[in-house]
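Q: Quick one: the structure is below, and I'll ask about it shortly.
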Amino acid sequence: MRKEAVLEAKSLLQEGEIAVLSTNSNSMEGYPFGSMVQFLSLENGNICLFISDLAQHTKNLSKDNKLSLTVLQKDKLGAANAARITLLGQAKRKPRQDSLESIALFCQKYRDAEQYAELGDFYIWEIDVERVRFIAGFGQIFWLEKEEWYEES
């Protein structure tokens, strides 16, 4: 059952397009800061963001790279029983020259990202997943550990 939960959770990520990124606020110490972001699920189990250095969430990550990323089932956004996933992890900004493949994949998934790829302040931040909370539906709730997450990659 747990293996199935991991596969279902990864499928939800593949279908998802928008997530709530929660970072630790720089300006309001001790408070979380939430924002909407696009994301890309990588084959290795990691997740990547393509974000601007000017964004508040990026400034927050530059100081404290711990985050959570929450994705809801795309076709049930308003439903209380929608499947959802929250990934807890740490993000690392990748040098531009080391992330060209991820940028290209991002632009394939999100056409509007092509304009950001031309700007010098957008970078790939790759998230190393530490733990996952997956709710597949009513009564189907799982904590998935790092080893389980990466074992199924």
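The values are calculated or read from the model by the stated rules, or taken from the named source; none is laboratory data. Predicted model only: the values in this text are computed from it and were never measured. Neighbour counts are summed over all protein chains in view; Cβ atoms, including those assigned to glycine, are modelled from backbone coordinates with ideal geometry. When the accessible area is computed, the model is the full protein with side chains, heavy atoms only, and any ligands, DNA or RNA have been set aside. Shrake-Rupley method; radii C 1.70, N 1.55, O 1.52, S 1.80 Å.
Q: Rounded to the nearest 500, what is the 222 nm mean residue ellipticity of the chain from helices alone, with -39500 (n - 2.57) per DSSP H run of 4+ residues and division by all residues?
A: Calculated at 222 nm, the ellipticity per residue is -8000 deg cm²/dmol.
Q: As an exercise, use a Förster radius of 35 Å and the Cβ-Cβ distance of Arg133 and Ser52 to find the FRET efficiency, rounded to the nearest 0.05.
A: 0.80
Q: When the Kirkwood radius is taken over all Cα pairs of the chain, what Stokes-Einstein diffusion coefficient follows at 37 °C and 0.692 mPa s, in µm²/s?
A: Once the numbers are plugged in, D ends up at 207 µm²/s.
Q: Relative contact order for the chain: what is it in percent, counting Cα pairs under 8 Å that are at least 6 residues apart?
A: Taking the mean separation of contacting Cα pairs over the length of the chain, I get 27 percent.
Q: Per-residue accessible area for Cys107 at 1.4 Å probe radius, Å² rounded to 10?
A: 20 Å²
Q: I would also like to ask the following. Quick one: accessible area per residue over the chain, 1.4 Å probe, rounded to a whole number of Å²?
A: 56 Å²
Q: Also: Normalised by the residues of the range 92-144, what does the relative contact order come to in percent, with Cα pairs under 8 Å and at least six apart?
A: Reported relative contact order: 35 percent.
Q: Next question, about the same structure. If I take every Cα pair under 8 Å that is 6 or more residues apart in the range 44-109, average their sequence separation and divide by the length, what percent do I get for the relative contact order?
A: 29 percent
Q: Something else: For Asp75, project a label point 7 Å along Cα to C-beta. Then give me every residue of the range 1-19 with its amide nitrogen under 17 Å of that point.
A: Backbone N within reach: 8-18.
Q: Still on this structure, I have one more. At R0 = 25 Å, how high is the FRET efficiency between Leu100 and Gln14 if r is their beta carbon distance? Nearest 0.05 is fine.
A: 0.70
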